[in-house]
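Each remark here refers to the structure printed beneath this line.
The values are calculated or read from the model by the stated rules, or taken from the named source; none is laboratory data. Just so we're clear, the structure is a prediction, and the values are computed from it rather than from any experiment. Cβ: placed from backbone, ideal geometry, glycine included. Neighbour counts: every protein chain shown. Remember, those area values only see protein heavy atoms, side chains included, never the ligands or the DNA or RNA. Shrake-Rupley method; radii C 1.70, N 1.55, O 1.52, S 1.80 Å.
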Amino acid sequence: MMDRVDPIVRADAVVHVSFERRDIDAMARFLEDFGFVPVAGGSGGQRHFRGYGPQPYCVELIASERDAFVGFGLAARDRADLDRLSTATQSPFEATDAPGGGERVRLFDPEGVRVDLLWGAASLEPLPVREPLTEINSPAASRRIDRPVRTPTAPAPVFRIGHVVLQTPDFERTAGWYRRHFGYLPTDVATVGEDAPVLGFFRFDRGAEPADHHSLALLAGPESRLLHISTETIDVDAVGQGQQYLRGRGWNHYWGIGRHVLGSQVFDYWKDSAGDEWEHYADGDLMTADYPTGFHPLSRGDLWSWGDDLPDSMRPPAPAPADAPPLVRNIVDALLVPPRPWLR
């Protein structure tokens, strides 16, 4: 389980996500309230939104007859990676006409999710934001004197796409595909039954350079679908003030604020205009390539350490049918057990 893989390339970052939307204007309003910034020149059937970091865009919106997650883009470490991926998969190079330009090799994962490897896009100047709140007063240390905390109630500035979370009917095949093609390393893996992996958190292999605890997460489930898109903001106060702003704008809050166990992020989840999940997070774990893979029995309590319990839609409503496959029954049983003795 989770044997070493000799990848074709080692991707470096998630750079953007792509969605089709029937009501592109409503989705645009959500993205701006969530903390993205429209890129000049977008109109009609396609629009782009940047974050406060250097990426030319973070979200692509495509006008469509359906609401759908299309896929995501990854940054190559160098141009030779595009050559290697193109040769190994017999997929052509393509010039991109999206903001920033550059080249790409386009693949589709085993469930049909589009995955682009990109190189050569022009970077932007980061947008100005306040400084993160790093000086914290505590009973043992007074570091912030004569400087009150008065952060504005405003959209939480999104710096970048942190990770993509997907559900897949074939966990091992899908995990193997991403590891083989893009060099993802398993950071933490949750198992059921006889150590069957059903939830995996995968990070980029940057050698001695730290990478996020996960930039891809996969959950075994009955169908292929997007679970959520995660974005990094400045700090915990930005997560909180972002929630205040989104509440005031009338958007549908989903889960949070809380802190995850695996990854340690302080999180807050929201539903967009079509019902897909988006996460603000701050203060996540970073690991080098030497960090060993952790294996854990799947447990509802391992998904969060404090905050509200999982929303009802993230928990099975009842025990699995007796004729359900053992893997499904094991997953359902693990998510039904209250993780804290005072929760029901």
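Figures for the structure shown
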read-out: Which numbered condition TYR245 fails, given (1) within 22 Å of GLY294 (Cβ to Cβ); (2) aromatic (Phe, Trp, Tyr); (3) surrounded by fewer than 20 Cβ atoms within 10 Å (Cβ to Cβ); value: (1)
read-out: Residue match in segment 294-307 (condition: among the charged types (D, E, K, R), in contact (Cβ under 8 Å) with a residue 24 or more places away in the chain and either assigned to a loop (DSSP other than H, G, I, E, B) or open to solvent by 40 Å² or more (accessible area, probe 1.4 Å) (or both)); value: yes
read-out: Close pairs (8 angstrom Cβ cut-off, 6 or more residues apart or separate chains): farther than 29 Å from ARG104 by Cα in segment 121-138, among the hydroxyl-bearing types (Ser, Thr, Tyr) anywhere; value: VAL129/TYR52; ARG130/THR151; LEU133/THR151
read-out: Residues located in segment 248-282, provided they are in a strand (DSSP E or B) and touching a helix residue (DSSP H, G or I) at 6+ places or on another chain (Cβ under 8 Å); value: HIS253, TRP255, GLY256, ILE257, VAL266, PHE267, ASP268, TRP270, TRP278, HIS280, TYR281, ALA282
read-out: Only one of ALA26, ALA11 that is within 18 Å of the chain's Cα centre (by Cα) and outside any strand (DSSP E or B); value: ALA11
read-out: Subset of segment 252-271 that is closer than 13 Å to PHE34 by Cβ and surrounded by fewer than 22 Cβ atoms within 10 Å (Cβ to Cβ) - its residue that is nearest to the chain's Cα centre (by Cα); value: TYR269
read-out: Cβ-Cβ under 7 Å pairs, at least 6 apart or on other chains, segment 265-276 side basic (Lys, Arg), far side assigned to a strand (DSSP E or B); value: LYS271/ASN252; LYS271/TYR254; LYS271/GLU277
read-out: Leading residue by the ranking (surrounded by the most Cβ atoms within 10 Å (Cβ to Cβ)) among those in segment 195-223 that are in a loop (DSSP other than H, G, I, E, B) and touching a Lys or Arg at 6+ places or on another chain (Cβ under 8 Å); value: HIS214
read-out: Of residues in segment 224-241 being of a type in the set (Ser, Thr, Tyr) and assigned to a loop (DSSP other than H, G, I, E, B), the one modelled with the highest pLDDT; value: THR233
read-out: Residue list for segment 25-70, restricted to those being open to solvent by 40 Å² or more (accessible area, probe 1.4 Å), closer than 27 Å to PHE267 by Cβ and out of contact with any strand residue (DSSP E or B) (no Cβ under 8 Å at 6 or more places or on another chain); value: ARG29, PRO54
read-out: Candidate set: segment 72-104, residues that are part of a helix (DSSP H, G or I) and without any contact (Cβ under 8 Å) to a residue 24 or more places away in the chain; chosen: the one most open to solvent (accessible area, probe 1.4 Å); value: THR87
read-out: Considering residues of segment 105-132 that are more than 21 Å from THR174 (Cβ to Cβ) and assigned to a strand (DSSP E or B) only, the residue nearest to the chain's Cα centre (by Cα); value: LEU118
read-out: Any chance TYR281 is in contact with a Ser or Thr (Cβ under 7 Å, 6 or more places away or on another chain) and either open to solvent by 20 Å² or more (accessible area, probe 1.4 Å) or under 27 Å from VAL192 (Cβ atoms) (or both); value: yes
read-out: Top-ranked residue of segment 308-333 - restricted to ones that are in contact with a strand residue (DSSP E or B) (Cβ under 8 Å, 6 or more places away or on another chain) and part of a loop (DSSP other than H, G, I, E, B), ranked as least open to solvent (accessible area, probe 1.4 Å); value: LEU310
read-out: Those residues of segment 145-177 which are within 26 Å of HIS48 (Cα to Cα) and not in a loop (DSSP other than H, G, I, E, B), in sequence order; value: ARG160, ILE161, GLY162, HIS163, VAL164, VAL165, LEU166, GLN167
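So that you can scan it fast, the table gives a plain yes or no per residue for (1) at pLDDT 95 or above; (2) surrounded by 12 or more Cβ atoms within 10 Å (Cβ to Cβ); (3) closer than 27 Å to ASP6 by Cβ:
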{"site": "THR134", "(1), (2), (3)": "no, no, no"}
{"site": "SER138", "(1), (2), (3)": "no, no, no"}
{"site": "ALA141", "(1), (2), (3)": "no, no, no"}
{"site": "ASP146", "(1), (2), (3)": "no, no, no"}
{"site": "ALA154", "(1), (2), (3)": "no, yes, no"}
{"site": "VAL158", "(1), (2), (3)": "yes, yes, no"}
{"site": "VAL165", "(1), (2), (3)": "yes, yes, yes"}
{"site": "ARG173", "(1), (2), (3)": "yes, yes, yes"}
{"site": "TYR178", "(1), (2), (3)": "yes, yes, yes"}
